[in-house]
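Working notes, beginning with the structure itself.
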Amino acid sequence: MDALTLAFIPVAAILTITPGSDTMLVVNNTLTRSTTDGLCTVAGINAGLLIHALASALGLSMILMNSAAAFEMVKMAGALYIIYLGIQSLRSSRKQEETEFSSEPCSKGISASIREGFLTNVLNPKVAVFYLALLPQFITPGESILRQSLLLMTIHFSMGIIWFSFVTLALGRVRHLVSGGKFKKRLEALSGVVFIGLGLKMALAKN
């Protein structure tokens, strides 16, 4: 690895561990569903990173960054989806009043967790801008842009897998300590409020 690639590692690490909608979704799905659902959410999130990397390589991110209308459309789509997740969490919390917290996988199925993770990440325009605006700063002039871009994407992707899997497995180990139905209800209600807040913040944020 050259100096620029090594410099990229701490930057990508900070971006990865900084809490956001991805982190909140992993926490919510792990504690209110199962560890398996949490890991499936992680898989979906990182699949979204692959889409962003591919879009950046094809120049689609350039369109997003240079077109205010396109950026606004993607931003609003992402915000509405996060708000939708919040509403779903609030609705689910109301159904937990007489339901015990189960350690079995969520009845929604793992495909729902994968889909939620994927859409939450891929509809986040800030990730696309990161891949277009930040990654080129760590590419050595004169070297293969494609090869270096793939290397940086692999580093970021690996960090996402490791960090979010660690968070999921750590939470999975303490699920039995918070196995009461009341806790699940309160957590889903809190998650709903947080998701809606994040969605509104994204929708109202200035470019």
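The values are calculated or read from the model by the stated rules, or taken from the named source; none is laboratory data. From a predicted model like this one, the values you see are computed outputs, not experimental measurements. As a convention, Cβ positions derive from the backbone with ideal geometry for all residues, glycine included, and neighbour counts pool all protein chains shown. Surface accessibility is based on the protein's heavy atoms, side chains included, excluding ligands, DNA and RNA. Shrake-Rupley method; radii C 1.70, N 1.55, O 1.52, S 1.80 Å.
Using only Cα positions of the chain, each an equal point scatterer, no hydration layer, compute I(q)/I(0) via Debye at q = 0.08, 0.15 Å⁻¹ and quote the log10 values to two decimals. Here log10 of I(q) over I(0) equals -0.30, -0.93.
Please report, as a whole percent, how much of the solvent-accessible surface of the chain comes from carbon and sulfur atoms (probe radius 1.4 Å).
Numbers: 7610 of 11000 Å².
Answer for the chain: carbon and sulfur cover 69 percent of the accessible area.
Each of Lys201 and Leu134 was given a label point 7 Å from its Cα along the Cα-to-Cβ line. The distance between the two points is 1.6 nm. Here's the list of lysines a cross-link from Lys201 could span, going by alpha-carbon distance under 19 Å and ignoring same-chain residues fewer than 8 apart: Lys75, Lys126.
Measuring r between the beta carbons of Lys182 and Leu146 and using R0 = 45 Å, the FRET efficiency lands at 0.30.
Using a 10 angstrom Cβ neighbour count of at most 11 plus a DSSP loop assignment to flag exposed trypsin sites (Lys or Arg not before Pro), which longest range of the chain is free of such sites? Write out the running numbers ahead of the final one.
Working: sites that count: Lys95, Lys206.
Value returned for the longest uninterrupted segment is 96-205.
Length available on full extension from Thr154 to Arg91: 0.36 nm per residue minus the Cα-Cα distance, which gives 18.9 nm. Taking the Cα of Ala68, stepping 7 Å toward and past its beta carbon, and measuring to each backbone N in segment 186-207: which are under 16 Å? From segment 186-207, the list is 204-207. Accessible area per residue, 1.4 Å probe, Å², for the chain: what's the number? Counting only protein heavy atoms, the per-residue value for the chain is 53 Å².
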